[in-house]
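Notes to accompany the following structure.
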Amino acid sequence: MVVVKRFPYGTVWRVPPRQETTQNKAPRDRLGPDDWTRAAIRAIAENGARNVSVERLARELGTTKGSFYWHFKDRTALIDAALERWESDFTDRVIDRLATIADPRRRFRALLETTFTDQPGITIDANLVADAGDPAVGAALERAARKRLAFVERIFAEIGTPNAADRALLAFSAFVGLAQLRRTAPELTPTSRRAKTYVDHACAWLLGEH
């Protein structure tokens, strides 16, 4: 029987070990590359890219390493796939979703609010920053940072805020700082009413509304 377990990043399919027959000895279990990629992202959310272990993921997914090597050449290939998925899900899709908000001021506020509500994206970001020395991780972080910063710059330019590029950099720096704070000292991160006050002040200062 296939057991479905839901995690914040999606659904992970746990497939009980099956008995091999002479007609089916290839490691083609019901797990696909997406299952391994999602499991890798979950591991990154827990403790960074260094936490991605093929053997451990195989145990969690209820399969063998043979299944992994059916879909990926090696651990590096899995990390690359996970980083690509992270960039797509937590940068490209977030930007696309926010871009549908017509009012640039409301769009900027919604962006800041994701700092407090976007889980596990923020945690993954912070954990990846800790592993930025890894060439693949560092490259992915730089690509995502360029996309995000360009998106914020477009918001400020659309509003007509003076020194748009500088203000966008300040806003992005605050985003990165909050992500790290949530990782290293989550009890210091603003919550509930204080989080709303933080967003109000940030919008006022950065958009020149005070």
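Things worth noting here:
- Thr114 versus Ala204: modelled label distance in nm, points set 7 Å from Cα along the beta carbon direction: 2.6
- Computed from label points 7 Å out along Cα-Cβ, the spacing between Val176 and Asp103 is 3.1 nm.
- Oblate is the label for the stretch 99-156, because a/c, from the alpha-carbon gyration tensor with a ≥ b ≥ c as root eigenvalues, is 1.5 or above and a/b does not exceed b/c.
- The orientation-averaged projected area of the convex hull spanned by the Cα atoms of the stretch 102-207 comes to 6.7 nm².
Here, each number is a calculation from the coordinates, and none is a lab measurement. Not measured: the values here are computed from a predicted model. All Cβ positions, even for glycine, are placed from backbone atoms using ideal geometry, and neighbour counts span all protein chains on display.
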